[in-house]
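Enquirer: Sharing a structure with you now.
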Amino acid sequence: MGRLQIDLLGASFTVQASEDDIYLKKLLSYYTEIIETIKRSNHLKDPTQMSIMAGITLVDELYKEKQKNASYSRALHNPNDAEAERITIEMIKSLEKVLG
């Protein structure tokens, strides 16, 4: 069980979560990095706007990763794979038979 003190964008509070302190600090560090990037590139000053932009940035990253994972999953469950495996096994058996 971890605790994390957050002091960001004019807000200050403590959260408690099932993850450990080190993991929570990594999350906060990553979020802070995104906020700083948004401050520099969009010149936003309002904390609410920066939080919303950071949230959208994180959702974009998550969505892209989910799409990638879905593509990998579809590729792994391709019906042609079963046919390719069957042909490969037949070829191996033929080679073993020929080679003795």
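Enquirer: Kindly evaluate residue 67 against the criterion of being at pLDDT 95 or above and open to solvent by 70 Å² or more (accessible area, probe 1.4 Å).
Expert: Considered against the rule, which asks whether it is at pLDDT 95 or above and open to solvent by 70 Å² or more (accessible area, probe 1.4 Å), residue 67 comes out as no.
Enquirer: Between residues in the stretch 1-24 that are aliphatic (A, V, I, L, M) and residues that are loosely packed, with under 10 Cβ neighbours inside 10 Å and not in a strand (DSSP E or B), which pairs lie under 8 Å by C-beta distance while being six or more apart or on different chains?
Expert: Close Cβ pairs satisfying both conditions: 1/18; 17/1.
Enquirer: If I filter the stretch 41-53 for residues that are polar (S, T, N, Q), closer than 25 Å to residue 10 by Cα and touching a residue at least 40 places away in the same chain (Cβ under 8 Å), do I get at least one hit?
Expert: yes
This table checks each residue for (1) open to solvent by 80 Å² or more (accessible area, probe 1.4 Å); (2) among the acidic types (Asp, Glu).
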{"position": "36", "(1), (2)": "no, yes"}
{"position": "40", "(1), (2)": "yes, no"}
{"position": "48", "(1), (2)": "yes, no"}
{"position": "57", "(1), (2)": "no, no"}
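Enquirer: While we're here: Given the options 44, 95, 62, name the one that is part of a loop (DSSP other than H, G, I, E, B) and either out of contact with any Ser or Thr (no Cβ under 6 Å at 6 or more places or on another chain) or within 18 Å of residue 6 (Cα to Cα) (or both).
Expert: The match here is 44.
Enquirer: Follow-up. What tally of residues in the stretch 1-34 results from selecting those that are part of a helix (DSSP H, G or I), open to solvent by less than 80 Å² (accessible area, probe 1.4 Å) and over 18 Å from residue 59 (Cα atoms)?
Expert: Counting residues in the stretch 1-34 that are part of a helix (DSSP H, G or I), open to solvent by less than 80 Å² (accessible area, probe 1.4 Å) and over 18 Å from residue 59 (Cα atoms) gives 2.
Enquirer: Follow-up. Determine whether residue 80 is assigned to a helix (DSSP H, G or I), more than 30 Å from residue 3 (Cα to Cα), open to solvent by 100 Å² or more (accessible area, probe 1.4 Å) and not aromatic (Phe, Trp, Tyr).
Expert: Answer is yes for this residue.
The values are calculated or read from the model by the stated rules, or taken from the named source; none is laboratory data. Here the structure is a predicted model, which is why all the values come from computation and not from measurement. Don't worry about glycine lacking a Cβ; one is built from the backbone with ideal geometry, like all the others, and counts go over all protein chains shown. Just the protein is used for accessible areas: all its heavy atoms, side chains included, with ligands, DNA and RNA removed. Shrake-Rupley method; radii C 1.70, N 1.55, O 1.52, S 1.80 Å.
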